[in-house]
1. Given bins 20 angstrom wide, list per bin the percent of all Cα-Cα distances in the protein assembly as shown, short to long.
2. Quick one: net charge of B:Ile15's neighbours, Cβ under 15 Å, K/R +1, D/E -1?
3. Measuring label to label, 7 Å along Cα→Cβ, what does B:Leu112 give against each other copy in nm, shortest first?
4. On a 0 to 90° scale, report how tilted helix B:3-16 is relative to the longest principal axis of chain B, with both axes built from alpha carbons and the result rounded to the nearest 10.
5. Quick one: if the Förster radius is 45 Å, what FRET efficiency do A:Lys195 and B:Ser69 give, using the C-beta to C-beta distance and rounding to 0.05?
6. Got a sec? Charge dipole of region A:3-66, +1 on Cβ for Lys and Arg, -1 for Asp and Glu; which of A:Gln57, A:Met30, A:Ala41 is way out at the positive end?
7. For B:Thr230, put the label point 7 Å out on the Cα→Cβ axis and report which residues of region B:9-48 keep their amide N under 16 Å from it.
8. Compute the label-point distances linking B:Glu152 to its equivalents in the other copies; points lie 7 Å from Cα along Cα→Cβ; give nm, one decimal, shortest first.
Number of protein chains: 2
Amino acid sequence: MKKYELIFQDLENKILKKIYDEGEFLPSEMELSDYYEASRATIRQALNILESRGFIQKQKGKGSLVISSEKLNFPISGLTSYKELQESLDFESSTTVLKFEKVKIDDELHILTLLPNDSYAWHILRARKIEGKYSVLDRDYILYDLAPDLTEDIVKDSLYEYLEDELGLIISYANKEITIDFINEDDRKYIDLAKIDHHVVSVKSHVYLADTTPLQYTESRHQVDKFRFTEFARRQKI
Amino acid sequence: MKKYELIFQDLENKILKKIYDEGEFLPSEMELSDYYEASRATIRQALNILESRGFIQKQKGKGSLVISSEKLNFPISGLTSYKELQESLDFESSTTVLKFEKVKIDDELHILTLLPNDSYAWHILRARKIEGKYSVLDRDYILYDLAPDLTEDIVKDSLYEYLEDELGLIISYANKEITIDFINEDDRKYIDLAKIDHHVVSVKSHVYLADTTPLQYTESRHQVDKFRFTEFARRQKI
DNA sequence: CAGTGGTCTAGACCACCAG
DNA sequence: TGGTGGTCTAGACCACTGC
């Protein structure tokens, strides 16, 4: 494990356990440098992660102030998968696989998914039950060549775990979009909607590997009252 | 101006102008280091900003690949203000100030806004017209002591510009939340809603200064079909 | 004034990728 | 094997804070 990651994790733990509590300053970079036997640059690498995650706010001339003792939930922002999300929020849930088929990417699908024309992809449709009600409908297109041995059992469990841990694919970044869409036939069929509902929240993502290969297109359609998106945002000055 | 900022801006410009185009690699860190007469650490600082903004994807052993020639819109993510957003998207819009008053933060408002109990705040309600229709309703609570000379004309124009450029306040970070809420009386009154609409998109933010003083609470309520949120997200491994 | 974080340098070794 | 980005070090000077 890299040194700065270890230092980050140790500091994160100490903040979560309130050894360093909200409103207190962390030890100075020099002191941390002595304590962890690391250069100041390495300490600063760890502190930058803490800052980007909203744990601390650095103040020139003063120090690093702890501003949050909690991990925030990043349902969208961090590219977190449904399973990780569900575990971290820890509510009851289950998944039903509605479709699991191999399709060819024609012109129309190419425009939607950005996967290469004439390639093949897994087309997966899953309904997610949260606290007894079907609230989310996930549609995925995943490049067949990168995961030819995918099975229905795997997608019922966790797709990302399989892709990353089993296949060793390095998922790197995504372009995401959230909009409010009119409900369609599939929403009506597979999500437990109220009569008054006319809309769902749609989260669409194009997901890429570290080598910039497009891996996946996902659309996640949420019942409006089950949708909540929180994030920690920093002001971009430049 | 800092060296790494200048290097970032120069590289960003060259990418926007397609001097370095999508699919091409940037010069290596060593070459950039020679060209800009900067150490590799400084070059890497600039490249990290490019990467975090989604312009490039770094690949160990290969180089920094350009993956986007466009600035993305960050309506929420970057803490961008309505005016900056409106200018960058460049559609027609105007603002009507519906309320502009000084209020005392009582218990109830304290829980909502997180501004200090018994302090005073500006309470501002603004309707935003986009392409001829009132589509967004903004409610703000801003600490009175930090902006005692605020006027209706200023909030009609740009609040953030005034706070940052005129008052020199350094806005640093925010906790944001997006939910789909039932429409209320004010929504009905001030937003041009369709009959079928039962919901609005609500974006709530607690905004803080660099010294961690809470400055502002904002709720922005959008007509559902005018709302769109895009972001570039990187996978968080740790 | 001393102490803090912000920037920058020069140099080193590593893991990874390609030919 | 040579070139790339990733990590790490030791040291320097700066701007800012608070006393």
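1. Final binned percentages: 20, 55, 25, 0.
2. Combined, the nearby Lys, Arg, Asp and Glu give -1.
3. Listed shortest first, these distances are 4.2 nm.
4. Once rounded, one gets 90 degrees.
5. 0.45
6. The one lying farthest along the dipole's positive direction is A:Gln57.
7. B:16
8. Those label-point separations list as 6.6 nm.
Only the coordinates and a few stated rules stand behind these numbers; no lab work does. Fair warning: this is a prediction, and the values are worked out from it, not measured in the lab. Quick reminder, even Gly has a Cβ in these numbers, built from the backbone with ideal geometry, and neighbours come from all protein chains shown.
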